[in-house]
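Some notes on the structure that comes next.
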Amino acid sequence: MAARRTERRTSPESSSKITSCQTHICSVKPTLSKKQKALSFQLSVRGQWSMWPAFAAGQTVLRNHKPCSAPEERTPGNERTLLTIPKPHHLEQLESYLRKELQTLALTKGISQELKLQPYREIFEFFIDNFKTYKPLLSAIKNEYEATLAHQKETIRALEPLKAMVTTVSEECTQQILALQEKEKVEINTLKQEKHHLLKFIDNMKEEKSCLQTQVEHLQMSVAEEYTRYLQEYGARKLLVAKLNEMHNEQLDVKQHQVQGGEKGEDVVKLTLALKMARQDLTKAQVKLNAMTAEYGDVVPRRDFESLEKKYSDLLQEMKTLRKDFEQLHEEYGTLLEIHQETAEERDSFYSQLQEAERSHTPRPNWAKCSEVIPGGVERWGRLAEGKSSNQLVDVLLEEIGTAVLKEMNVFHGWGKSDKVPVYLRYEGEVKNKKPTKKDVVNILKDIWKEKIALDQQTGKRSSLPEFFLSYLQKKYGDASAMEWSYSLYEYMRLCPSNHVMSSFYEILTGKVAEEQYHDQNQLISDLQKQLAACDSSSNGSLPSKQFRMALREAFPLKRRDAIQELVDASRFNLDSDEDLIDYTSLFEEDEEGNPEPFVAKLRSQYVSEKQEYLQELKKSLGDVTEVDADDLKAAFCRIDPKINDQMLDAYISLAYQVKREQPDQEVVPVDTVLERLRVGDVRRVGPSPRKESTTDSEGE
């Protein structure tokens, strides 16, 4: 600090100004002695002489400076006298010097308080050097301030590491808090699942308790009825025993009277009593006979009853058989009627198409001419056009033209950075075209799938394909080239719908198809490969046609016979008509551009057509309604697919209503919206259709 002060004082400009001030002070002393005779000094409050009143006219640098004299000592006359006293010339020079230094420092950007304090320090040192009387006191004051400032700087310097340590500890605590939050989130999810499971268990226990309570009430009623019946029988038995005892006593009395009458002769009173009892017994017998006649008047003999019962059971069994046959015939009739209607619609459609074709009467194009303009010549065009219809050939031709135009483009125009723009296309300005080949694009997309599947298996959850697509390109090519590769790959995928690798990736990337559908198709092909390998006992990669057909039927039990035949025909596409062995390993190969063999292409097309047919049946089952709730949709699924399980049914409902499985699904959604959401997801039939099950069974026979 002393060195800096020395440098500041030894600068040419400051030294010249201070020298001039000192010279002026020396020259001002005789002037002051002359003015002492003309003007009287003003005495300050502290009893010291002031060379110039601080409250005199003129502006000072320090705005909050207090005058030396007390306000009450100043009288109006004195103030008018003092206002005429001019400011000393050396004070004006010091103020001018201070003002210039401050203005010079004000022009410097980022000035520190230490530099701003330096001019004041120099002025104060000047006062210390020139006022000898106050120099010890002023030096002590200055040294104390300098020591205090140095102590404060040392304290601040010592606290700097603590500040960095506090920042580090704060970051570590924040990371620990985030880790604990993640851990608690997993535990909360686990507890929620356990709570959901326990709630289901409680509901089941409540239902079981309700069923047991109903059984207990039923058993209590049965016990009460049995108790009443036994009580009545007990009373009747007691009455019967009493009556039998009475009758037995009466018989004994009658015998005794007879014995006595035989000895003494018959008594008229006893005979009258016996006649009365006989009449009572006759009346009881008559009442009982009438009751039995009334109760058993409609009773038939057991032999006739058994004969009629057997005849009735035979007729009932025959009626059930006839009713079952009638219902089957009715279902077949309904199926045939629907087939007839579909056939009639197809006939009308074909007829209208025929009429339209006859009106236009456009001649069939000569597709062989395309080989003259397509790169690769006749050989490549023949490979591209093999097994394709005219509509598909038009798509292939447009694809070749589009890719050729794309190769001539050098830049793409960015889509902007709006939230509506996909994350992998958010860029403003021009983007360079990397001009990759189809082979390069296919290899990159396959590598992306491989990396994403590995990441999903590692994390245990499925990541977003658009975000992973961008992060993969940034990781592999850097942030500068990632957007260029993103635009180039996107345009190639958009212009190549005939390539399965590009088209499937493009549809999933743009949200037209769910990612589960891609994985399900790959799993389907993998399972078929395992099934064919299991049927190949010789492990030579070939199977006879009959065994190959049986393996397809075992792998796809829900496919119709015509669909199985299409797969067999696709497997024999490159074989001669007399060859019986099918090389199933070559059916799953791909060329360098990712195009599969006709067998795999047919398998994927059947997957899509079966899904569309399944959703069409669902739409017919819903009827003419425009909106549907979750319960009606579940009922429609169960009607067209009775063997669907609850887990898959809940997954379909969640997909249709865009809600989680544990959330209530009481929302009403338009039918078209439901079908569109199901068309995007992975939806397929679980069991055979109830209307076509009998037809499938007859075909199997």
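The values are calculated or read from the model by the stated rules, or taken from the named source; none is laboratory data. All figures in this text were calculated on a predicted structure; none of them were measured in a lab. Methodologically, a virtual Cβ is constructed for each residue, glycine included, from the backbone with ideal geometry; neighbour enumeration extends over all protein chains shown. For accessibility, only protein heavy atoms count, side chains too; no ligands or nucleic acids. Shrake-Rupley method; radii C 1.70, N 1.55, O 1.52, S 1.80 Å.
Pairs linking a residue in region 608-626 that is under 30 Å from HIS500 (Cβ atoms) and modelled with pLDDT of 85 or more to a residue that is buried (at least 17 other Cβ atoms within 10 Å of the Cβ) and of a type in the set (Asp, Glu), with Cβ atoms under 8 Å and 6 or more positions apart or on different chains, are TYR614/ASP641.
Selection over region 476-511 of residues that are closer than 20 Å to VAL680 by Cβ, touching a helix residue (DSSP H, G or I) at 6+ places or on another chain (Cβ under 6 Å) and free of Cβ contacts under 8 Å to residues at least 12 places away in the same chain gives a count of 0.
Would region 576-594 turn up any residue that is of a type in the set (A, V, I, L, M) and either touching a Lys or Arg at 6+ places or on another chain (Cβ under 9 Å) or over 30 Å from ASN443 (Cα atoms) (or both)? Checking region 576-594: at least one residue is of a type in the set (A, V, I, L, M) and either touching a Lys or Arg at 6+ places or on another chain (Cβ under 9 Å) or over 30 Å from ASN443 (Cα atoms) (or both).
Restricting MET502, MET550, MET483 to residues that are open to solvent by 40 Å² or more (accessible area, probe 1.4 Å) and not hydroxyl-bearing (Ser, Thr, Tyr) narrows the list to MET550. Does LYS116 count as exposed (fewer than 11 other Cβ atoms within 10 Å of the Cβ), at pLDDT below 85 and of a type outside the set (Val, Ile, Thr)? When the stated conditions are applied, LYS116 does not pass them.
Here GLY297, GLY334 are screened, and the one residue that is surrounded by fewer than 10 Cβ atoms within 10 Å (Cβ to Cβ) and either out of contact with any helix residue (DSSP H, G or I) (no Cβ under 9 Å at 6 or more places or on another chain) or in a helix (DSSP H, G or I) (or both) is GLY297.
Residues in region 403-439 that are part of a helix (DSSP H, G or I) and loosely packed, with under 15 Cβ neighbours inside 10 Å were compared, and the one that is modelled with the lowest pLDDT is ALA404.
Right, LEU524: surrounded by 19 or more Cβ atoms within 10 Å (Cβ to Cβ), of a type outside the set (Asp, Glu) and on the phi < 0 side of the Ramachandran plot or not? It is false that LEU524 is surrounded by 19 or more Cβ atoms within 10 Å (Cβ to Cβ), of a type outside the set (Asp, Glu) and on the phi < 0 side of the Ramachandran plot. Note on region 615-637: residues that are part of a helix (DSSP H, G or I), hydrophobic (A, V, I, L, M, F, W, C) and open to solvent by 10 Å² or more (accessible area, probe 1.4 Å) total 2.
Only one of the numbered conditions (1) open to solvent by 20 Å² or more (accessible area, probe 1.4 Å); (2) farther than 28 Å from ILE339 by Cα; (3) touching a residue at least 60 places away in the same chain (Cβ under 8 Å) is violated by VAL600, and that is (1).
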